[in-house]
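See structure below.
Since every read-out is calculated from the coordinates, none of them should be taken as a lab result. Given the structure is predicted, the values throughout are model-derived calculations rather than measurements. Here Cβ is always computed from backbone atoms with ideal geometry, including for glycine, and neighbour counts include all displayed protein chains.
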Amino acid sequence: MADTVTADDLFDAEFLESLQRLRLVAQRVPRGGRFAEQRSKALGAGLEFQDYRPYSTGDDLRAIDWNIYRRLGRVFLRLFEELEDLPVYLLPDISRSMWIEQPPRAHACLRSAMAFAAIALAQHDRVGVFPFAEDLHSPMQSRSGWNSLPLFAQAMAKLEAGGTTDLSRSLRRLEGMQLRSGLVVVISDFFDPAGAEAMVSALKRLKHKLLLVQLVHKSDRDPQVQGDVRLRDCESGVDQDITVTAQVLERYRHAYDNHARILTDFAQKRRIGLVQLDVDKNVVEQIATVFEGGRYHA
Amino acid sequence: MNFANLPLWGIGAGLAVLAGTLFLLQMLRVRHRQLEVPTTMFWKEAVEESRARVLRQRFRHPWAYLLLLSIATLLWFAVAGLQSSASDKQEYLLVLDGSVGMSHPGRFETATKRLLQDADNLPATHREVWWSGAQTVLLLAKGEHPLLLRERLKALQPDKAAAAVEQRLLQMAHGVDRDRFLQIRLYGDAPLHDAAMEQMPKNFEVLRCTPLAPAQSGNRGFLSGGIHASTSGQWDRIDLMVEVFGTDETPAILSSGTQLDVAAISQKTAAGKRWHFPDILARGQVLDLRITPADAYPADDAILVALPQRRPMQVLLSDSLQSTFAPLVMADSALVMATDAAELVVRRQGETLGAGLPALEISSASNSTHAFEITDSGNGAPEQLLQTMHAQLGFNEIDALALAQQLQQPISLGVEFGDSRKVQVWDQLLDSKGAFASSRSFPLFMGRALRWLGNRHPYAPFALTGRPLTFSNGSWTTPTKGVAVTAGLPLRPSEAGLYLGEQGNDVAANAFDPRASLGLAAVADVPTGETLQASTMPLWSWMVLLVLVLLSIEWVLFHKGRIP
C-alpha cells in the first residue's frame, strides 16, 4: 500500500494559479440555489431582462413596468434572470486499486478532485465531496467559498483506501440523497468488477450533469507481464493463474479497449466530458483539455 | 526394429513410461510469479480458463499433451534407430574377393570402391562386410561405421590364394537363419558356378557388384607345377614339371639364390608349354622358379617347389644275413649299408642287433604262426592295417599258392600293433632255390618292406591353396603366421608360400588361377547388382524431420495461444 496523501500534496500556489483561467459554466442551474454566478432557471431581481408577466397581489411594486401600463392600461412586471450557484459533487474513487501502485493513482485522483473543487469554489459554486469504493464513504459537508478549499484538502488527506469498486451502488446512494441537481464529477479508474456496461447503466440513471475523469496508467493497456504468473486482484484478493503469451496479451488489450470504448461511446452520446487522465503526467494540464476556451459547459 | 533387442512388450512398456512421465509433468504445479494488479477483470476475458497445471485437478490441454507425447516418442524411436519392418528381415552380406585373381591392375581398386559406396548406403545394422582371401575375415561388423572399413581396407592387398568365395558361401548356407532374406553382394572376380548357386537357399540372393573382368593380354606365367618320383627310378631324385604360357624361355630355377643348371625337356600344350626337369637331387631344398622379366600381373611369374628329403636309408645287416641281403641293399638306391646311425636292421629272430630299431626279422616256421607277420607301431584296427599292408608291401604280387605247395604249409599274413615296426618272414621263404626268392615279387616285397620300415614321410607332388593335402598329417608353420595346421588334420594351405613341416616335410603351396593368368574374360554367372544410391534416407532421419514439423506446429499453436 502506498503512502497516504497529505494536504500539502494536494494543492499549492502554483496549482491554484494554473486553475484560475478555468471555469465551469452551467447552461441553467435549477432554482433554489444561493446567489452566485451561474445562470439559473429562476426569474427575479437579476440584471439580465428575461420576460414580462401580469402583476399579482404581493408582487414587488418596483418591478412594475409603468410604460406598458401607460400604453395598455394593464399592469405587468418586468422579470430578470436570477444568478445562482452550481452544485458540484465530486466523487473520487478511493477503492483499493487506487492505492497499490507507486505513485498511487489516488494522488492524481485527489489532486483532480481538488482542482475541480478549486475551480468551483473560485466561482462561488457549492462543492460536495463523496468518496466512494464499494459504497459512498463519509461524504464531506457541502461548502462554498474559497476558504473552504483547505478544509476539503484536509478532509481528503484523511481518506483511506476502501474495498472493492462498486460504482452502481455508490451512484444509487448519491441519488437517494435527493441533492439539488448539479454537476457530478466521477474520478476513477473505472475498474468496476461489474463491468463497463453496468457502470454506464448506473451513470445513465443519474439526474445530474456528468463529467468523467478516467485515471489511466500506461501499464493498464500494456502490462509488463510474461510467462506463468499468479495475478492477485488487489480488491477481491482472488488469484488468477495465467500463462501470458502474445496471444493472451492481444486478447487482454482487446478487452481493455472494449472497456474504454464503452465509456467513450457513452460520453459522446450524452455529450458529457470524459478525460482520460494519465496519472504519471500533470493533472491540471490534462483536465484543462475539456475546458474549451477555459470553460466547461455543464 | 532395433531397440538394442528390446522385445515388443519392452517397447510398449517404454511408451507407457514415457506417456506416464509426460502426464505427471503435465500435471505438475507451475511455479508462478505472484503479482498484485489493480484488477483482473481484463485477464479473465483474455484467458478462457486458467493455464495452470495443478496437481490432482482435472487434466488440461490434451492436444498439447498428445503433441508432446508424439514428439517424445518420435525422438525416442529416432535415437533408438527405428527401422521399417520391411528392412528388418533384409540383411546384406558384402564379400570382397581377395584372391590372387584380383591382382590384375585396377581390379582390386574397382572392387573396393564399389564396396565402400555400397557400405555407406546400406543400413549399418543390417550389413556385414567380409574379406575372402587366404582367410575369411570380418572387415566390418553390423553397426560399425563405414569409416572403419576405409581404414581397414588401406592395409589390404589381394592374397596369393585361390578364389574361395564359392566354397565359403556354401559353408555359410548350412548355418543361416532361413527366415531372413540375405543378399550377398560379391565384389571381385571369384567364379560362382551354377552348380554351387543351385545349392544356395531360396532366401539367398547372390549378386556380383563389380563389372565382369575383361579379357587381358600380354601376360605370361606359370599355369601349374609339381614334382614326381624320378622316372629313372632313382630313389633320391625327383622330376620337376611345370606348365608355362606366354613365353618360350626356360623358367629359371633357383635354389638358395643360386640358379641351377638343369637339363629340361619341353612339350607344347594347348595353353603353352610344359617343362620337364628330370632327376633333380632331392635333399629337402626349396626351388624358386621364375619367369623373367616380370609383367603387369606378377602373381603367376614365380612359384615355389619344396623338394622332399630323399637320402638313402641306412640298413644294419646281421652277419648271418650278409650274403642274402647285402646285394639287395646295394642294388637299391633307397638303401645303403649303415655306417654310423642305422635307421633299420635286418636280423634273425632272437638276435639283439639293432635293438629298438625297426626290423626285418627272419624267423622259422616253428616259431612263427604266419609266414609273414607285420607289426606296426601305435594302435588301430588290425583289419585296416592288414588291408593297408597287403596293398602297400606288394602281397598281391606274391603267388602264395605256389609257396604253400612248395613248403607244404599254409602261407598266411598276420598283423599286430607293437612298440616299433617289424616285418617277420620265414627263413624257408628265403631259400635261394625257393619259389619266393627267385620270383620277381621278392625284391619288390623286400624293397617295399624296408622302405616301410624306414618310415620316410611321403611328399606332396603339388600343393594348391585352398585344397587339402591328403597324404599325411602333421604340423606345419609359416614364417609369418605361426602354426598353420595341427597334427591330426591334413594341411590346407590358405595362402601361397612355404609351409615348414615339423618333421622336415616342407610344403610349398602355389595359387594357380588359370583364368586370371590367361586373362580370360569373365562369363556372367550370377545377376549383376547395381551400385546402391545414397538417396534412401534412413527412417530415423524422417522421424527427426517429423519432430521438427511437430515443433513448428507447436510453435505456431503457442503463439496463437491455443496451447500453453
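Quick notes on this one:
- Chain B: C-alpha gyration tensor shape, a/c 1.5 cut-off, then a/b vs b/c: prolate
- Where labels lie 7 Å past Cα in the beta-carbon direction, separation of B:Thr231 and B:Trp555 in nm: 8.9
- Dipole magnitude for segment B:313-454: about 220 debye, using +1 per Lys or Arg Cβ and -1 per Asp or Glu Cβ, origin at the Cα centre.
- Length-normalised contact order of chain A in % [C-alpha pairs under 8 Å, at least 6 apart]: 20
- Fully extended contour minus Cα-Cα distance, from B:His390 to B:Thr528, at 0.36 nm per residue: 44.2 nm
- Summing Lys and Arg as +1 and Asp and Glu as -1 over all other residues whose Cβ lies under 10 Å from the Cβ of B:Ile253 gives a net charge of -1.
- Comparing segment B:313-454 with the 2.2 N^0.38 Å rule of thumb, its C-alpha radius of gyration ratio is 0.98 (two decimals).
- Crossing angle, helix B:107-121 versus chain B [Cα axis fit, 0-90 degrees, rounded to tens]: 30
- Dipole orientation for chain A: of the candidates A:Ile100, A:Val25, A:Ala115, A:Val25 has the Cα lying most toward the positive pole (charges on Cβ; Lys, Arg +1; Asp, Glu -1).
- Dipole axis of chain B (+1 Lys, Arg; -1 Asp, Glu on Cβ), positive-most option in B:Ala365, B:His559, B:Ser256: B:His559
- Residues A:Lys281, B:Lys44, sorted so that the one with the fewest Cβ neighbours within 10 Å comes first: A:Lys281, B:Lys44
- Using the empirical formula 2.2 N^0.38 Å as the baseline, the Cα radius of gyration of chain A reaches a ratio of 1.20.
- The GNM of chain A, with springs linking C-alpha atoms under 10 angstrom apart, assigns the highest mean-square fluctuation among A:Leu91, A:Leu110, A:Leu79 to A:Leu79.
- Considering only alpha-carbon pairs that sit under 8 angstrom and 6 or more positions apart, the relative contact order computed for segment B:313-454 is 27 percent.
- Length gained on full extension, B:Ile265 to B:Leu520, computed as 0.36 nm times the residue gap minus the Cα-Cα distance: 89.0 nm.
- Using R0 = 56 Å, the C-beta based FRET efficiency linking B:Leu281 and B:Lys202 works out to 0.45.
- Ranked A:Met177, B:Met543, criterion: other C-beta atoms within 10 Å, fewest first: A:Met177, B:Met543
- Length gained on full extension, B:Thr21 to B:Ser366, computed as 0.36 nm times the residue gap minus the Cα-Cα distance: 114.1 nm.
- Normalised by 2.2 N^0.38 Å, where N is the number of residues, the C-alpha radius of gyration of segment B:367-526 stands at 1.48.
- For segment A:208-274, the relative contact order comes to 39 percent (Cα pairs under 8 Å, sequence separation of at least 6).
- Between 0 and 90 degrees, the angle of helix A:246-270 with respect to the longest Cα principal axis of chain A falls at about 0 degrees.
- Legend: mean number of C-beta atoms from other chains within 10 angstrom of residue C-beta atoms, peptide A:218-226, equals 2.
- Estimated distance in nm for a label pair at B:Gln409 and A:Ser181, the labels positioned 7 Å out from Cα along Cα-to-Cβ: 17.1
- Sites B:Leu548 and A:Arg221 - FRET efficiency at Förster radius 25 Å, r taken between beta-carbons, to 0.05: 0.10
- DSSP loop GluC sites (Glu not before Pro) with at most 13 other Cβ within 10 Å: longest gap in chain B: B:250-501
- Annotation: amide H of B:Phe417 within the under-5 Å range of B:Asp376, sequence separation 5 or more or interchain, hydrogens built in the peptide plane.
- Rounded FRET efficiency, nearest 0.05, which uses the C-beta distance separating B:Glu45 from B:Leu8 and R0 of 41 Å: 0.25
- Beta bridges per DSSP, both residues in segment B:267-401: antiparallel share near 45 percent.
- For B:Ala163, the shell of other residues with beta-carbons less than 11 Å away shows a net charge of -3, using +1 for Lys and Arg and -1 for Asp and Glu.
- The protein assembly as shown, Rg to Rh (Cα coordinates; Rh as Kirkwood inverse mean 1/r): 1.53
- C-alpha long axis of helix B:382-392 to longest principal axis of chain B, angle in °: 60
- Base-10 log of normalised Debye intensity for segment B:189-307 (one unit scatterer per alpha-carbon) at q = 0.16, 0.22 Å⁻¹: -0.81, -1.22
- When the charge dipole of chain B is built from unit charges on Cβ atoms (+1 for Lys and Arg, -1 for Asp and Glu) and taken about the Cα centre, the candidate among B:Gly225, B:Gln183, B:Pro201 whose Cα reaches farthest toward its positive end is B:Gln183.
- Calculated diffusion of segment A:105-241, Stokes-Einstein form, Kirkwood radius summed over Cα pairs, 20 °C and 1.002 mPa s, µm²/s: 130
- Environment charge of B:Leu453, counting only residues whose C-beta is closer than 9 Å and scoring Lys/Arg +1, Asp/Glu -1: +2
- Note on A:243-256: average number of Cβ atoms from other chains within 10 Å of each residue's Cβ is 6.
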